[in-house]
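Before any comments, here is the structure.
Nothing in this text is a laboratory measurement; each read-out follows from the coordinates by a stated rule. All of these numbers come straight from a predicted model, not from anything done at the bench. Quick reminder, even Gly has a Cβ in these numbers, built from the backbone with ideal geometry, and neighbours come from all protein chains shown.
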Amino acid sequence: MTYAFHVILSLMLALAPVSAEAQDPSQGDDGVVAVAPDDPDMAAATAQARASLDEFLALSQTPPPGTDTFKLKVMIKDANVTEHFWVIPFQRTETGFGGILANEPQAVRNVAAGQYIEFNRDDISDWGYTRNGHQVGSFTVCVMFKSMSKQEVDYMRTHYGFDC
């Protein structure tokens, strides 16, 4: 099984969501970057995101000036396939979290982009937001840079403020 991480770029949202795809933004189409489920760098990125999730959630409740586009990355399973999607916006619910899927599915068929979903803390694999034009968090995106072309990485850094 391969974890899929999409990068769906949206100028309107001014962010770089990720799941099973890394997209060449200049092409306007999704391109897949598959990451093995046992990839140690991806596992470390997910662990880092989960370890700092409480601080992120507290910050998202009262965003300081200069911050926006708070997002969570969530695992969606469909039979033997797992895919990760950015959820933007998101909110806490009585049973966990809910929000809108920002990515078009590539592997799973049980959800669609723009769909409202509910999920719990165990489903969260990353978080991110923008602070003064720079990405904060989005740890899994930084891992994906190793699998992307220099052109794609340069574009992400220039247009979306990634410092990794």
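What to note about this one:
- Exposure proxy for LYS77, LYS150: other Cβ atoms within 10 Å of each Cβ, ordered fewest to most, give LYS150, LYS77.
- Take the Cα of TYR116, step 7 Å toward its Cβ, do the same at ASP68, and the gap between the two points is 2.4 nm.
- Look at CYS142, CYS164 and count the other Cβ atoms within 10 Å of each Cβ; fewest to most, that gives CYS164, CYS142.
- Ranking of TRP127, TRP86 by count of other Cβ atoms within 10 Å, fewest first: TRP127, TRP86
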